[in-house]
Amino acid sequence: MFYFQEKQNINLYKSSILDDENLIHSFTTRTGGKTPSPLETFSMGSAENPELLHYVQENRKKICEILGVKYENLIIPQQKHTDNIKIISSIYDDVSNCDGLITDVPELVLMLLFADCVPVIIYAPDRHVISVIHAGWRGTAKSIVKKALHILDQEFHADIKKIKATIGPAIGQCCYPVSIEVSKELEITIEKDCDNIFTTNIKDNNLVNVDLKKLNARQLEDSGVINIDKSDNCTCCMSSVFYSYRAEKGKTGRHAAIASLSGI
Ligand SMILES: [Zn+2]
């Protein structure tokens, strides 16, 4: 179950299945900070507004302070809508051109940035490994979450049945029409029975509304994950709480998915 939690006037969004003494996690929201328009008010990224990077860095320092993790240990990849996933062992690792990170090193802080795309945090408690994934439609079409599970299985020997996976705030089916071509690319990533993940758009029957969060949940289930928590919040409908690229026509900031293992 997802819930909001306010700390030092900042609104965090968390999943109860990741409330574990060995793990620190949060999805951030846009409320409570000081970043000026169009990133108001707690943006973790400034992709389209590099002149506002200073404010973003202050926000990143603030969230690190609230979560009790070190700002110097933040690892923020250059996301490119790929299915590239990197295993991280130090803050000096190359994180250019990747949309998923995995680490078993305590105190490294994985942070990925979002404005409508699907954030996924995966925790393998038996092997003490975390992964944070950015799944837009391109990453979802390439089954990036399945790829992460494959790495957790092959490289870390994690028991997939024990894995806890959370799918955070992202654009909902209500606000996400795509072309028939895109929907077909997405449909082939899951086993039969699409369970209303794809519905014909009521205004334009050449468009298909896709439930990207449910689709990622199905990819996880098809790979054997049992314990999945999925946010019901649509970032586009709730653009006062989360950043939404679609709702704000590209002039927006980024919320983050953050995970860090505490030392054992
Ligand atoms: Zn919506």
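A few notes on this one:
- Global geometry of the range 1-95, whether rounded, prolate or oblate, following the gyration tensor of its Cα atoms and the 1.5 cut on a/c: oblate
- Whole-Å semi-axes of the ellipsoid equivalent to the range 100-177 (Cα gyration tensor, √5λ, descending): 24, 13, 10
- Highest-MSF residue in the chain out of THR140, THR200, THR189 [GNM, Cα springs under 10 Å]: THR200
- Inter-centroid distance (Cα atoms) of the range 244-263 relative to the range 160-221, Å: 20 Å
- Cα gyration tensor shape for the range 145-204, rounded if a/c is under 1.5, else prolate or oblate: prolate
- Prolate/oblate/rounded label for the chain (Cα gyration tensor, a/c 1.5): oblate
- The GNM of the chain, with springs linking C-alpha atoms under 10 angstrom apart, assigns the highest mean-square fluctuation among PRO38, PRO50, PRO77 to PRO50.
- Subset of LYS203/LYS251; LYS34/LYS62; LYS7/LYS62; LYS162/LYS230; LYS14/LYS161 violating a 19 Å alpha-carbon distance limit: LYS203/LYS251; LYS14/LYS161
- Contour minus Cα-Cα distance for GLU187 and THR200 (0.36 nm per residue): 3.3 nm
- Estimated at 0.36 nm per residue, the fully extended path between ASP232 and TYR71 surpasses their Cα-Cα distance by 55.0 nm.
- GNM remark for the chain: springs join alpha carbons under 10 Å apart, and the peak mean-square fluctuation among ASP19, ASP229, ASP211 falls on ASP19.
- Label zone at HIS54, where the point sits 7 Å out along the Cα-to-Cβ direction: the range 227-264 residues whose backbone N lies under 20 Å: 253-254
Rule-based calculations on the coordinates, nothing more; no lab input. Every value quoted in this text rests on a predicted model; they were computed, and no experiment measured them. Glycine gets a Cβ as well: all are built from the backbone with ideal geometry, and neighbour counts include every protein chain shown.
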